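Visitor: Please find one structure pasted underneath; my questions will follow.
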Amino acid sequence: MPSHGACSRRSGPHSPGPGLLIVLAVALLIASPGPHAAQAQPDDWADSDESVTMLRGSAARTGVHPGPGPTSSPKHVWSVHLGDLIVSSPVVADELVYIGSVSPTIAAGGALHALDLLTGVEIWRVDLDRGDGILSTPAVANGVVYVATYDGVVLAIDATTGEEVWRSTLDEPIYYSSPAVEDGVLYVGDIGGRLYALDTEDGRREWEFAVGEGNERSMGTPAVADGRVYVVAPSARRNEQSELFALDAETGEEHWSFVAEDVGEVRGTPAIADGRVYVPTTLGSVYALSARDGSVDWRFDSEREISATSTVVVDDEVIVGTDDGALHAVDAETGERTRNLPDMTGGGFLTSPTVADGVVYSVDTGGALYAVDLDAEKELWTVDTASLGSSPAIIDGLVVIGDEFGFLVAFG
């Protein structure tokens, strides 16, 4: 498809991404899972008009979910086997859960699934081509589910029926960049350093922004707020810094970019709140940047490494987890520490923390899911999930999360 208003900082041929086989081989070598609890019907169910429509809760990627979640030690409510691996995170709208899965390249590809939130019963699925899969998280808007596949295909699927509305094939594969949808435009990045803006009506490219040459850069998950798109572009070159870009949401033009100085590389997904962009670095710092011009408002130094997690911004606080399992809470205006939260005992953070109703939910490197009460500054409970990279959805009294064996599990 032709691009409109294209903005580029690179030229040169595209090179194909690596096969999905490596990812799957690692997953399939892991021992088979233990027994999962049978489906259970809760006696009472909390009705909610709230939704979790995108990764990190919304296009601003603040990491806040509507909740409520269980405050006492949860039990299995239901579990369902969907594929061989789930690193996609669930999104929820109108009492349906949407999530992507991965299956072996030698058989059928992965799929996009829609399941009943109450029972876990699969309502429909959209099977992908052989060898394709979904590693990123879907987005739901206006009755349509949008999902990006490993092969670089963006699909728009009717959220009720599972019927395809349109598809758009991008230039490179899409690994973990999850779509953001805002004001009729879908934003997503590929592993070749390109960020795309697609019309949600028909998938037509509105514009694209590129940085680097060949596969020297990749594009992370974009965040969108107040007419701008923010995205981190990690570098594949040794000793070359990753970069945070602020782009015009309508045209793709670059407003500013940011590189961290002497405190590691910017990583994860930016979180946008109250005119600031919050982003962590690999060496454990968190920056608060002016959304207008990228200037530094403050920097918090945890002095502990942060590999991949993103920040949560909730009630004037910024929360981030580090590789050794420490959980830090700082004032969103000043960057000063506000609470002494307990460390996770099972390892570092494997996925980004999520907050709902004053409780932080996070998964450690062993796959254990923790719940920490912010006000009480104490751990509420922990439960084993076998999660590899999926972040939980916290809604209607449930915690819904995918695991490394291809199960989607609900605790409540």
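Visitor: Would you call ILE394 in contact with a His (Cβ under 6 Å, 6 or more places away or on another chain), at pLDDT 90 or above and crowded, with 23+ Cβ neighbours inside 10 Å?
Guide: Working: in contact with a His (Cβ under 6 Å, 6 or more places away or on another chain): yes; at pLDDT 90 or above: yes; crowded, with 23+ Cβ neighbours inside 10 Å: yes.
For ILE394, the condition - in contact with a His (Cβ under 6 Å, 6 or more places away or on another chain), at pLDDT 90 or above and crowded, with 23+ Cβ neighbours inside 10 Å - is met.
Visitor: Which of the residues spanning the range 289-298 are more than 18 Å from GLN241 (Cα to Cα) and either of a type in the set (Phe, Trp, Tyr) or not in a loop (DSSP other than H, G, I, E, B) (or both)? Lay out the reasoning, then the answer.
Guide: Of all residues in the range 289-298, those more than 18 Å from GLN241 (Cα to Cα) come to 290-293, 297-298.
Within the range 289-298, SER290, ASP297, TRP298 meet the criteria.
Visitor: With respect to THR385, is the statement that it is of a type outside the set (A, V, I, L, M, F, W, C) and buried (at least 17 other Cβ atoms within 10 Å of the Cβ) true?
Guide: Yes; evaluated as a whole, the condition is true for this residue.
Visitor: Can you tell me which residue within the range 127-151, out of those that are more than 23 Å from GLY57 (Cα to Cα) and surrounded by 15 or more Cβ atoms within 10 Å (Cβ to Cβ), is farthest from the chain's Cα centre (by Cα)? First the steps, then the outcome.
Guide: In the first step, residues of the range 127-151 are kept if they are more than 23 Å from GLY57 (Cα to Cα); the result is 127-132, 151.
Next, from what is left, pick out any that are surrounded by 15 or more Cβ atoms within 10 Å (Cβ to Cβ): 128, 131-132, 151.
Values: LEU128: 21, GLY131: 22, ASP132: 19, ASP151: 18 Å.
Step by step, filter the range 127-151, then rank; the result is GLY131.
Visitor: For residues in the range 346-358 being open to solvent by 10 Å² or more (accessible area, probe 1.4 Å) and not polar (S, T, N, Q), which is nearest to LEU85 (Cα to Cα)?
Guide: Looking only at the range 346-358, we keep the residues that are open to solvent by 10 Å² or more (accessible area, probe 1.4 Å), and these are 346-347, 349-350, 352, 357-358.
Subsequent filtering for residues that are not polar (S, T, N, Q) retains 346-347, 349-350, 357-358.
Numbers: GLY346: 22, GLY347: 22, PHE349: 19, LEU350: 16, ASP357: 30, GLY358: 31 Å.
Restricting to residues being open to solvent by 10 Å² or more (accessible area, probe 1.4 Å) and not polar (S, T, N, Q), the top hit is LEU350.
Visitor: Search the range 106-117 for residues being buried (at least 19 other Cβ atoms within 10 Å of the Cβ) and not small (Gly, Ala, Ser), and hand back the single one that is farthest from VAL409 (Cα to Cα).
Guide: LEU112
Visitor: Determine if the range 55-76 includes at least one residue that is modelled with pLDDT under 95 and of a type in the set (A, V, I, L, M).
Guide: no
Visitor: Can you name every residue in the range 228-240 that is buried (at least 21 other Cβ atoms within 10 Å of the Cβ) and at pLDDT 95 or above?
Guide: VAL229, TYR230, VAL231, VAL232
Visitor: If you check THR281 against the conditions, is it open to solvent by less than 10 Å² (accessible area, probe 1.4 Å), out of contact with any Pro (no Cβ under 8 Å at 6 or more places or on another chain) and β-branched (Val, Ile, Thr)? It would help to see each step written out before you state the result.
Guide: Details: open to solvent by less than 10 Å² (accessible area, probe 1.4 Å): yes; out of contact with any Pro (no Cβ under 8 Å at 6 or more places or on another chain): yes; β-branched (Val, Ile, Thr): yes.
Yes: the conditions hold for THR281.
Visitor: Taking the criterion of being open to solvent by 10 Å² or more (accessible area, probe 1.4 Å), farther than 29 Å from VAL330 by Cα, of a type in the set (Lys, Arg) and not in a strand (DSSP E or B), would at least one residue in the range 207-222 satisfy it?
Guide: No, that holds for no residue.
Visitor: Let me ask something else about it. Among the residues of the range 73-120, which ones are assigned to a loop (DSSP other than H, G, I, E, B) and farther than 23 Å from GLY57 by Cα?
Guide: First, the residues of the range 73-120 that are assigned to a loop (DSSP other than H, G, I, E, B): 73-75, 82-84, 86-90, 94-95, 103-110, 117-120.
Once the filter is applied, which keeps residues that are assigned to a loop (DSSP other than H, G, I, E, B) and farther than 23 Å from GLY57 by Cα, the range 73-120 yields SER73, LYS75, GLY83, ASP84, SER103, PRO104, THR105, ILE106, ALA107, ALA108, GLY109, GLY110.
Visitor: When THR354 is evaluated against the numbered criteria (1) without any contact (Cβ under 8 Å) to a residue 40 or more places away in the chain; (2) closer than 24 Å to TYR287 by Cβ, which criterion, by number, is the only one it fails?
Guide: Failing condition for THR354: (1).
Visitor: Do you know which residues across the range 63-72 are over 14 Å from the mean Cα position of the chain (by Cα) and in a loop (DSSP other than H, G, I, E, B)? Let's see the steps before the verdict.
Guide: Within the range 63-72, the subset over 14 Å from the mean Cα position of the chain (by Cα) is 66-72.
Of everything in the range 63-72, those that are over 14 Å from the mean Cα position of the chain (by Cα) and in a loop (DSSP other than H, G, I, E, B) turn out to be PRO66, PRO68, GLY69, PRO70, THR71, SER72.
Visitor: Do you know which residues across the range 241-264 are touching a residue at least 12 places away in the same chain (Cβ under 8 Å), open to solvent by 40 Å² or more (accessible area, probe 1.4 Å) and farther than 28 Å from VAL181 by Cβ?
Guide: Of all residues in the range 241-264, those touching a residue at least 12 places away in the same chain (Cβ under 8 Å) come to 241-260, 263-264.
Applying the additional criterion that residues be open to solvent by 40 Å² or more (accessible area, probe 1.4 Å) yields 241, 250-251, 253-255, 257, 259.
Within the range 241-264, GLN241, VAL259 qualify.
Visitor: Give me a count of the residues in the range 174-199 that are open to solvent by 20 Å² or more (accessible area, probe 1.4 Å) and touching a residue at least 24 places away in the same chain (Cβ under 8 Å). It would help to see each step written out before you state the result.
Guide: Going through the range 174-199, the residues open to solvent by 20 Å² or more (accessible area, probe 1.4 Å) turn out to be 175-176, 182-185, 191, 194, 199.
With touching a residue at least 24 places away in the same chain (Cβ under 8 Å) added as a condition, the list becomes 175-176, 182-183, 185, 191, 194.
Final tally of qualifying residues: 7.
Visitor: Considering only the range 379-389, state which residues are over 9 Å from VAL363 (Cα atoms) and of a type in the set (Gly, Ala, Ser).
Guide: Residue satisfying the conditions is ALA386 alone.
Visitor: List the number of the failed condition for ALA225; all other conditions in (1) modelled with pLDDT of 95 or more; (2) under 17 Å from the mean Cα position of the chain (by Cα); (3) open to solvent by 30 Å² or more (accessible area, probe 1.4 Å) hold.
Guide: Only one criterion in (1) modelled with pLDDT of 95 or more; (2) under 17 Å from the mean Cα position of the chain (by Cα); (3) open to solvent by 30 Å² or more (accessible area, probe 1.4 Å) is unmet by ALA225, namely (3).
Visitor: Filter the range 324-345 down to residues that are open to solvent by 50 Å² or more (accessible area, probe 1.4 Å) and under 19 Å from LEU289 (Cβ atoms), then give me how many there are. Steps first, answer last, please.
Guide: Keep residues of the range 324-345 that are open to solvent by 50 Å² or more (accessible area, probe 1.4 Å), which gives 324, 333-334, 336-338, 340, 343, 345.
Cutting the leftovers down to under 19 Å from LEU289 (Cβ atoms) gives us 333-334, 336.
Summing the residues that are open to solvent by 50 Å² or more (accessible area, probe 1.4 Å) and under 19 Å from LEU289 (Cβ atoms) in the range 324-345 gives 3.
Visitor: If only one of VAL77, VAL92 is surrounded by 23 or more Cβ atoms within 10 Å (Cβ to Cβ), more than 14 Å from the chain's Cα centre (by Cα) and touching a residue at least 24 places away in the same chain (Cβ under 8 Å), which one is it?
Guide: Exactly one residue qualifies, and that residue is VAL77.
Visitor: If the requirement is being under 23 Å from GLY193 (Cα atoms) and surrounded by fewer than 21 Cβ atoms within 10 Å (Cβ to Cβ), which of these qualifies: ASP293, ASP297, ASP301? Talk me through it step by step, then tell me what you get.
Guide: On the way: ASP297 fails: under 23 Å from GLY193 (Cα atoms); ASP301 fails: under 23 Å from GLY193 (Cα atoms).
Every option except ASP293 fails the conditions.
Visitor: Would you mind stating whether VAL296 is closer than 17 Å to PRO353 by Cβ, of a type in the set (A, V, I, L, M) and at pLDDT 95 or above? Steps first, please.
Guide: Details: closer than 17 Å to PRO353 by Cβ: no; of a type in the set (A, V, I, L, M): yes; at pLDDT 95 or above: yes.
No: the conditions fail for VAL296.
The values are calculated or read from the model by the stated rules, or taken from the named source; none is laboratory data. Please read all numbers here as calculations on a predicted model, not as lab measurements. Virtual Cβ from ideal backbone geometry, glycine too; neighbours counted across all protein chains shown. To get the accessible areas, we keep the full protein, side chains included, count just its heavy atoms, and leave off ligands, DNA and RNA. Shrake-Rupley method; radii C 1.70, N 1.55, O 1.52, S 1.80 Å.
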